[in-house]
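Q: Take this structure, written in structure tokens, and hold onto it; I'll ask about it next.
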Amino acid sequence: MTKNELVQRIHEQTGVEPASIKRAVDAFMEGIKAALLNGETIELRGFGTFELKSRKARTAKNPRTGESVSVPARKAVWFKPGQELKKLKEGGVQ
């Protein structure tokens, strides 16, 4: 689903004008990005948790050539699903 599709779906459910929904979605996403960059963890109860984690430098292999490649240390966004999403995965919520 794209951001525009999400905006359209919310519009259909609420009747709120798409431009207002888009501004709210954009602000929500910017808030999450800013919090992650500040080292904060974002916990959305029932949905999940976003966190920025450090990954160590490592050596990997190019799958085409088998050649070893050095992968530098970096930060990565990590998401842990909440209980409601876990139930969806298990088929428990309709």
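The values are calculated or read from the model by the stated rules, or taken from the named source; none is laboratory data. Keep in mind that what you see is a predicted model, and the values were worked out from it rather than measured. With ideal geometry, Cβ positions are generated from the backbone for all residues, glycine too; neighbour counts draw on all protein chains shown.
Q: With the checklist (1) at pLDDT 95 or above; (2) small (G, A, S); (3) under 19 Å from M1 (Cβ atoms); (4) outside the structural domain of N4 (by TED's automatic domain parsing) in hand, flag the one item G82 doesn't pass.
A: Tallying (1) at pLDDT 95 or above; (2) small (G, A, S); (3) under 19 Å from M1 (Cβ atoms); (4) outside the structural domain of N4 (by TED's automatic domain parsing), G82 fails exactly one: (1).
Q: Given the options I42, I10, name the one that is surrounded by 12 or more Cβ atoms within 10 Å (Cβ to Cβ), touching a Ser or Thr at 6+ places or on another chain (Cβ under 8 Å), at pLDDT 95 or above and closer than 26 Å to K86 by Cα.
A: Working: I10 fails: touching a Ser or Thr at 6+ places or on another chain (Cβ under 8 Å).
Only one candidate passes the filter, namely I42.
Q: Also, I was wondering about something else. Which condition does L85 not pass, out of (1) exposed (fewer than 12 other Cβ atoms within 10 Å of the Cβ); (2) touching a Phe, Trp or Tyr at 6+ places or on another chain (Cβ under 7 Å), if it passes all the others?
A: All conditions pass for L85, except number (1).
Q: Also, I was wondering about something else. Check segment 14-35 and report whether any residue there is in contact with a Gly (Cβ under 8 Å, 6 or more places away or on another chain) and aliphatic (A, V, I, L, M).
A: no
Q: Same structure again: With the condition kept exactly as written, say whether any residue in segment 67-82 is assigned to a loop (DSSP other than H, G, I, E, B) and of a type in the set (A, V, I, L, M, F, W, C).
A: Among the residues of segment 67-82, at least one is assigned to a loop (DSSP other than H, G, I, E, B) and of a type in the set (A, V, I, L, M, F, W, C), which makes the answer yes.
Q: Turning to a different aspect of this structure: When you scan segment 18-38, how many residues do you find that are among the acidic types (D, E) and surrounded by 11 or more Cβ atoms within 10 Å (Cβ to Cβ)?
A: 1
Q: Could you tell me whether any residue of segment 34-56 is assigned to a strand (DSSP E or B) and hydroxyl-bearing (S, T, Y)?
A: Scanning segment 34-56, I find at least one residue that is assigned to a strand (DSSP E or B) and hydroxyl-bearing (S, T, Y), so the answer is yes.
Q: Moving on. Going through R64, R55 one at a time, which residue ends up being in the same structural domain as K87 (by TED's automatic domain parsing), more than 26 Å from G82 (Cβ to Cβ) and basic (K, R)?
A: The conditions single out R64.
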